[in-house]
């Protein structure tokens, strides 16, 4: 089984961190194929960054079709471009937020997502509601810029831990969801420290992708995720024009 792990931002160190976490949980025989977007923002923090990251994400999905992959994971907790990717791809495409909160829902009645900045908190809170977990989940911002997660001198980990402790104390959280792909390497350590399930979206998405492929299931192409209709695209987007309607 081949799972394409696409980082829709352009920071290769984050891709590598996610790939290490993904390989650590992947089943024997699962090949994790990491890819970093070659256009767009260095990190995705809010709606503007997310919108401009989507063309790079779709380019990576398209350019690797010939090599083949059985499923794809969009390695951003904002589920950046997830709907567009599902419309484009003929294989299952998993997002980190949707995968993580679904997993947390199996483990706890109430849980808290701890993310980075306030602008991301609002976006993720909307996703949590959309995915049907609004009554069970709270979302907190730790006010950590995403790129600081790769800087040991930034104090980001201590700040993150303080926010997790507030979630456990004030929210009655029974589990914690790490709301950024850049936190993926911290899940096991934090789980050991706090004694509650700590769910990371990268690993949750990889295991769910494996399950879907093993079950022979893929995204429905009837209705909302139908393949794009053939039509002209102009300007800088001309290369994204579908050549034919499929599905």
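What to note about this one:
- Each of 240, 233, 77, 111 was scored by other Cβ atoms within 10 Å of its Cβ. Arranged with the fewest first, they read 233, 240, 111, 77.
- Label-zone membership for the stretch 1-33, site residue 107, 7 angstrom Cα→C-beta point, backbone N under 16 Å: 21-22, 24-26
- A value for volume of the Cα convex hull per residue in Å³ was derived from the coordinates, and within the list (1) 122; (2) 139; (3) 113 it appears as (1).
- Taking label positions 7 Å along the Cα-Cβ direction at both residue 189 and residue 39, the computed distance is 3.7 nm, reported to one decimal.
- Protection-proxy order for peptides 131-137, 83-89, each taking the mean of Cβ atoms within 10 Å per residue, highest first: 83-89, 131-137
- 0 to 90° range, to nearest 10: angle between helix 118-130 axis and the chain longest Cα axis: 70
- When 1, 14 are sorted by how many other C-beta atoms sit within 10 angstrom of their C-beta, beginning with the fewest, the order is 1, 14.
- Pairwise FRET efficiency - residue 136 versus residue 90, Cβ, R0 = 25 Å, nearest 0.05: 0.15
- Mean residue ellipticity, 222 nm, helices only, the chain: the sum of -39500 (n - 2.57) across DSSP H runs of n ≥ 4, divided by residue count and rounded to 500, is -12500 deg cm²/dmol.
- Model label sites at residue 211 and residue 66, defined 7 Å from Cα along the beta-carbon direction, differ in position by 3.6 nm.
- Centre-to-centre separation between the Cα atoms of the stretch 85-120 and those of the stretch 159-183: 15 Å.
- In degrees, nearest ten, helix 47-63 long axis to first principal axis of the chain (Cα): 50
- Each part gets one Cα centre, and for the stretch 60-76 versus the stretch 1-56 those centres are 10 Å apart.
- Packing-based ranking, highest mean first, of 68-76, 152-160 given that Cβ atoms within 10 Å are counted: 68-76, 152-160
- For the stretch 33-158, the fraction of C-alpha pairs more than 20 angstrom apart is 49%.
- Packing-based ranking of 173-180, 49-56 yields 173-180, 49-56, ordered from highest to lowest mean Cβ neighbour count within 10 Å.
- Between 0 and 90 degrees, the angle of helix 156-170 with respect to the longest Cα principal axis of the chain falls at about 70 degrees.
- Rounded to the nearest 0.05, the FRET efficiency derived from the C-beta distance between residue 150 and residue 238 at R0 = 35 Å is 0.50.
- Equivalent ellipsoid dimensions for the stretch 1-103 as semi-axes, Å, which come from the Cα gyration tensor, largest first: 19, 15, 14
- Equivalent ellipsoid semi-axes, the stretch 134-202, via Cα gyration tensor eigenvalues times 5, rooted, Å: 19, 13, 12
Values in this text are rule-based calculations from the coordinates and carry no lab data. Bear in mind that the values here come from a model prediction, so they are computed numbers and not experimental data. Positions of Cβ are backbone-derived with ideal geometry, glycine not excepted, and every protein chain shown enters the neighbour counts.
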